[in-house]
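What follows is a short report on a single structure.
The values are calculated or read from the model by the stated rules, or taken from the named source; none is laboratory data. Worth saying up front: this structure is predicted, and the values here are computed from it rather than measured. Here Cβ is always computed from backbone atoms with ideal geometry, including for glycine, and neighbour counts include all displayed protein chains. Remember, those area values only see protein heavy atoms, side chains included, never the ligands or the DNA or RNA. Shrake-Rupley method; radii C 1.70, N 1.55, O 1.52, S 1.80 Å.
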Amino acid sequence: MSRRQPLGTPEEVAEHLQKPPRTLEQWRYRGIGPRYVKVGRDVRYRWSDVEKWLDEQASGKAAA
């Protein structure tokens with residue numbers, strides 16, 4: 001059985017992104033932040049979705 005990475009809380013993801021937790025709340029409302037899942041009433045983030053979202057935010061040319 002493969003070992004799954006734990007889900008991140010909004011506070012953990014906000015710290016990782018160096019943003020206030022309120023920013024993530026606003027992003028969820030506007031539909032512009034990383035994908036999230038609801039576990040009951042709680043919001044959680046898959047770390048793979050956070051990293052994918054970060055990759056999608058990259059701009060500029062890659063080094064040749």
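Annotations
- More than 20 angstrom apart: percent of Cα pairs within the chain: 30
- Within the chain, the longest run free of exposed loop sites, counting trypsin sites (Lys or Arg not before Pro) that sit outside DSSP helix and strand states (H, G, I, E, B) and have at most 11 other Cβ atoms within 10 Å, spans 5-40.
- Carbon + sulfur, % of accessible area of the chain - ligands and nucleic acids excluded, 1.4 Å: 46
- 12 Å beta-carbon shell around G8, net charge (K/R +1, D/E -1): -3
- Charge tally in the Cβ shell below 14 Å around D42, where Lys, Arg are +1 and Asp, Glu are -1, D42 excluded: +2
- Per residue, the chain exposes 87 Å² of accessible surface when a 1.4 Å probe is rolled over the protein heavy atoms with every protein chain present.
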